[in-house]
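No value in this document is a laboratory result; all are computed from the given coordinates. All values derive from a computational prediction rather than experimental measurement. Backbone-built Cβ (ideal geometry, glycine too); neighbour counts: all protein chains shown.
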Amino acid sequence: MDLHAVEKKWQQRWQEAQAFVPLRKGKKVFVTVPYPYTSGPLHIGHARTYTLADLWARYQRLQGKATLFPMAFHISGTPILSVADRIREGRKETLDLYRDYIGIYEPDQKKAEAVLRSFTEPKAVADFFSQVIARDFQSLGFSIDWTRSFTTGDPAYRKFIAWQFLRLRDAGVITRGSHAVQFCTRDQNAVGEDDIRDGDLLDTGIEAFTAVKFPFRDGFLVAATLRPETLFGATNLWIRPDATYVKARVDGEIWYLSAAGFATLGDQHHTVKEIERFPGKKLAGSEAQSPVEKRILPVLPADFVDPAFATGVVFSVPAHAPEDYVALRNLGFPVEPIPVITVPGYGPVPAKEVCDQLHISSAGDRDQLKEATRMLYKAEFYQGVLARAGPFSGTPVKEIKGQVAAWLKSRGKALDFFVPKTPDLVCRCGARVVVKVLPDQWFINYGDPAWKAKTRACLKQMAIIPEGSRASFEAAIEWLHERACARRRGLGTALPWDEQWTIESLSDSTIYPAFYLLAHLVRDQDAEKLVPAVFDFALLGKGTAAAAAKASGLPLKLLQSLRKEFSFWYPVDLRHTAVPHLTNHLTFYLFTHALLFPEQHWPKAISLNELLVRDGHKMSKSKGNVIPLADVSRQYSADLYRLYIASGADMSAVIDWTQEGIETVRKRLLAFIELAERAGSGKSPMDAWLRSRFHTMLQDLGQDIEGFRFRSYAQRAFFGMMNDVAHFFRRGGKAIPGDLLKDWFIVLSPLIPHVCEELWERQDGKGLVSLARWPRPDPKAVDPALEAGEDLVGRTVQDIREILKLVDRKPGKVHLYVAPDWKYVMHRRIADGADLKTLMADPAIRAQGKAAAVFFERAKKLPAAAGPAQELAALHGARTFLEREFGCPIEVVSALQATGARAAKAEPGKPGIEVV
RNA sequence: GCGGGGGUGUCCGAGCGGUCAAAGGGGCUAGCUUGAGGGGCUAGUGGCUUAGUGCCUUCGCGAGUUCGAAUCUCGUUCCCCGCACCA
C-alpha cells in the first residue's frame, strides 16, 4: 500500500464529502485547540496537540455525536509586525530565516523570493503562514471543519473583541494605572525576555523595592528595602562614603540619594531635578528621623553599601540583619539593637546569635555573613512573629507580605522603587535596557476577589485532564493579578474606548471559541454592522433578534441563526492544548468565561499534553534540529506520525521523537496493513477465540479514549490486537472474519484514519469509516472459558520451554497431565473462603489425605482456573500446534490416568509436564 | 525566592497499598529463519537456587504508618517547568 497516495486520496475524499462539517442534530461535542500563531511554520512538536485532539474528536464522531472541531489563526501581537519590519530593513538573518521557511513550501526559488519580498507587509506574512499551516494540518488528516476559519485580524473578529472589552469594562474589571517594564532606550518600547540579549539565560525580572522616606534636613533621605516590616527596628542609616550622592527635587520634595539611584528615577515616572552633587562622606555623621517613630537615626558610613543599587541608602536593623549587626560592632558605634521579630529558638537579638554561632568576627567574612543572613531570613519569614511593629504587632511575618509597604505608601512615607534583577541588561538592538514605569496603562484586574471566586467555581465544575494539573490551575488563579492588556504596538484590535491602544494578544484570545459559531455566518457581512447589540444577543441572549437586527441593520434571519448556532454548540466540551498554556492562556480563558457567560456556558473540560523533544533535546532554531511539520507527510506519513504520537508516550509525559522509534512503529504499521490485507478464506476454531478477544478488548476501549489514555488505547486496539491476530494465524486461524475486520478498522480509524479508510473500502465498507458507528461490544461473543483455555495453552508452552531449557536436550515426547477433579474442587472452594477443616469433610478430598493438606497451601496462591474438562479440551485442541512448536509428539491425559511425580504436580491452570 | 511537578531495573518509560522482580519499548545475549544482510521470528536479560520452583536484594536517601509500601505520611537531597505584557 502506498501510504502517501492513500493519504492524499482520502484527504481529498473527506473534503469533497464535507465529512467534518457537522450538522446541528442530536448530541453535540464542541472541541477546540488554541489556534496557532502565524509568524512561521509549525514543527512536529506543535502537531502533537492537534493530533490528540483530532483523535478524540474522531472518536466522538464515531459515537454518532455532532462533532465540531474548528480551527483559526492568530496574528495579533508584535512578532509578525517585527518580522515585516526586519524584512523591510533588509536584515540578513531574518531574510535567511524566512527564505528557509518559505523554501519548505515553495521549491521554486523565483516564486519563493517573490513571497519573501511580499513579507514587508505583516498581512502577507500572516496570510502565507496561515495557508501553509492549514495545508499541513490537512496533510495530517485532522478532521477539522475549515468552513469556520478566521484570523484574529479579520474585521468581524475585531468587532467581537471590541465587544468583549466593552463588556469587561462594564463588569468593572478594567483598571488603569502605572506599570514597571523593561524598556529599550533606543526603540522606546517595552521589551520582553525575547528582546533582551541573553534574555533566556539571565533573570530579566524587575524587583519592587519599597523606598522609605526618612525625614532628613530639608527633605528626605530615601532608603530602599525588601523588608519594610523591619523598619520599626531601624537604628541608623548607611551610606557609602566614597560614592556620589545628590540632593534633588523629586515630585516637589527634596530627596537625598545616590547619583546612580537618582538617575533611574526619571524613568520611574517621577519629575526630577538635580540640585547638588557631593560625596557620600558629607552625609556621614548627620542625623535622620524614623518615619514611623520619633527616634533619631544617625547616618553612618559603610562600604558594603552598593551605590549603584537602588537608592544607595540602606536602613540598618542590627537586631535582625547580621550584616548591620557586625558593621555596627566593628564601627564601635554605641547603638542598641531594637528587636522587632520574635523567632522561636532565638533570643531577643537573633542577628547577634547567628553571628556568634557562625563565629563571624568582622565584616570581612562575606560568605559567612551571607549564610547567616540566609538562615535568619528563612527562620524569620516562616516562623517569625512581629513583636514591636506598630499596628502590625502580633502578625506572623509570612502573612504580612506587602501590607507594611502598602500602609507606608498610603501615608506618603514610602513608594515603590523598581530595580532590575540583573543590572545592565542590553536589548538585542544593542541599546541599554532600563526599568521604566509606564503611566496610564490599561489593565485587566484578575485580582478582583469576586471574579476569582467565580473563576474557582468555574474550575470546580470542570474536568481537568490529567487531574493532577488542577493544582496548577488553582495556583494560577490565586497568583494572577492585574495584567496590562493593551500596548502601543502590534497587530490586533484597538481598545474601543481609547483607540491609541491595541489589545494585547493573549487578552484577545480568551472566549474566542464562541466566535467559531459566528465566523462563517458573518464573514460576508459589513463588519461595521457588528455592533455590540449583535453579540449581546447572539452570545448572551440579551434582548431580541428583532431589536438586534434593528440596531445593526443586519437581517433578522441572520441574527436568529447566530443565536441558534451559539445555543446549540456552546459550551466548549473540550479544550485541548499543551501544558505551557496553563498559567497564561487557559487561566485567562477560565476567568473570562466565568465573568461574561452564565454558568451553563462555562467550559466543560480541559486536557493537556506535554511537549515533544527530539533525541532527548528540545527542538530549537539555534540547535538546527527542528523538523518542520511539512516533513511529516513527505518523509514519514500522517498515519505513522499519528500512531507514534498516540502510542509513544502518555499524554502527560514528554515524548521523544527518535528515528529508531519511528522505524519501529513504521514496521508495526506495515505489518498491520499486511495482516489486515492477508487474504484467506474459510473458518477455523480460532475464529471464535479472536472474536472473543476483540470484544473483550472493546468493552472498555471507549473509556480509554474518553479518558485521554490514548497510549493505552493504541496499545490495546493496535499493538495488542495485532499480537492476537498473529497468534490467531500461528494457531491455525485461516482468515480474520470480515465483520470483525471491519469493526477493527472502525476502532482504529481515529488513530490511523487514512489506512483504515482504504482498508475499509477494500472490505466493501459502506461510506466513510470516519463516519461509521463505533462497534458495540457484544457480550455474547465474549467467551472467557475459551480465552482461558488459550491462556492455558500459552502458559503451557512457556512452561515446557522452561523445562526444556533446564534439561537441555531435544524432547522425545512430552506428556501433559491435567490435574485431578478434586484439586479443581478444592481450588474453587478455597477461593470462596473454605478452610481446610471444612474441605476435609468432603470424602473425595479426605481420601487424598496428606496430598490434600499440602495442596491446600498451594492452592491459595493459584489464580482462577476453568474446570478440568475445559482444560483437557483446550490442551487436546492445541495438540497439533504444540507438536509443531516442539517438534515432538504431545500426549494429553488426565492425571487420574497416570502415576508419577509429574502427574502429581498437576494443578488447576497448570498441567503437569513430563519430558521424556 | 515563590508556585507547580518529578526521581523506577543497562537506557526510555508504565505502575501509585497486596495479583510487583515490577507492563511496553530500545539496547544487549542466544536460537531459528538462511534468494546474502545491519531484515523477520522466538526466547533470555537483579542475585542465588530449581525440571516449570523457592528464597534474597531492589523502585533517589532516611525514618514512620500498615499484617503488607515502588505505591500512603514526615524529613532530606537532586532534577524539570512557570513567575507576566511573551506568543
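What is the distance in Å between the Cα centroid of the stretch A:579-654 and that of the stretch A:689-745?
If you average the Cα positions of each part, the centres end up 28 Å apart.
Tally Lys/Arg at +1 and Asp/Glu at -1 over every other residue whose Cβ is under 13 Å from the Cβ of A:Phe418; what's the total?
Charge balance in the 13 Å sphere: -1.
Please say if the stretch A:403-467 is rounded, prolate or oblate, where rounded means a/c under 1.5 for a ≥ b ≥ c the square roots of the C-alpha gyration tensor eigenvalues, and otherwise the choice is prolate for a/b larger than b/c and oblate otherwise?
Cα axes put the stretch A:403-467 in the oblate bin.
For A:Glu891, which sequence-distant residues (separation of 5 or more, or a different chain) have an amide H within less than 5 Å of its own amide H, given hydrogens modelled in the peptide plane?
Answer set, sorted by chain and number: A:Val814, A:His815, A:Leu816.
Report, in whole Å, the centroid distance computed from the Cα atoms of the stretch A:259-289 and the stretch A:14-91.
For the stretch A:259-289 versus the stretch A:14-91, the Cα centre distance is 56 Å.
Where the centre of each part is set by its Cα atoms, how far does the stretch A:301-378 sit from the stretch A:127-204, in angstrom?
If you average the Cα positions of each part, the centres end up 48 Å apart.
Give, as a single signed number, the net charge of other residues whose beta carbon lies under 14 Å from the beta carbon of A:Val181, with Lys and Arg counted +1 and Asp and Glu -1.
In short, -4.
Tell me, what is the percent relative contact order of chain A, built from C-alpha pairs under 8 Å that lie six or more residues apart?
13 percent
Calculate, in whole percent, how much of the Cα-Cα pair population of the stretch A:747-815 lies beyond 15 Å.
Summing the P(r) tail past 15 Å for the stretch A:747-815 gives 71 percent.
Would you kindly calculate the translational diffusion coefficient of chain A, applying Stokes-Einstein with the Kirkwood radius from alpha carbon pairs, for 25 °C and a viscosity of 0.890 mPa s, and quote it in µm² s⁻¹ without decimals?
Rounded to a whole number, D works out at 72 µm²/s.
Can you give me the angle between helix A:3-16 and the longest principal axis of chain A, using Cα atoms only, in degrees from 0 to 90, rounded to the nearest 10?
That works out to roughly 70 degrees.
Sort A:Ile161, A:Ile104 so the one with the fewest other Cβ atoms within 10 Å of its own Cβ comes first.
A:Ile104, A:Ile161
Using only the alpha carbons, work out the radius of gyration and Dmax of the stretch A:345-482 in angstrom.
Considering the stretch A:345-482 through its Cα atoms, Rg and Dmax are 21.5, 60 Å.
Once you list every other residue whose beta carbon is under 13 Å from the beta carbon of A:Val572, what net charge do they have if Lys and Arg are +1 and Asp and Glu are -1?
Around A:Val572, the charge tally is +2.
For the stretch A:305-386, rounded, prolate or oblate, judged on the Cα gyration tensor with a ≥ b ≥ c (square roots of eigenvalues), a/c < 1.5 rounded, else prolate if a/b > b/c?
Rounded is the answer for the stretch A:305-386, as its axis ratio a/c remains below 1.5.
If you fit an axis through the alpha-carbon atoms of helix A:155-170 and take the longest principal axis of the Cα set of chain A, what angle between them do you get, 0 to 90°, nearest 10?
60 degrees
When a/c is below 1.5 the answer is rounded, else prolate if a/b is larger than b/c, else oblate, so apply that to the stretch A:434-553 with a ≥ b ≥ c taken from the square roots of the Cα gyration tensor eigenvalues.
Oblate is the answer for the stretch A:434-553, as a/c is 1.5 or above yet b/c matches or exceeds a/b.
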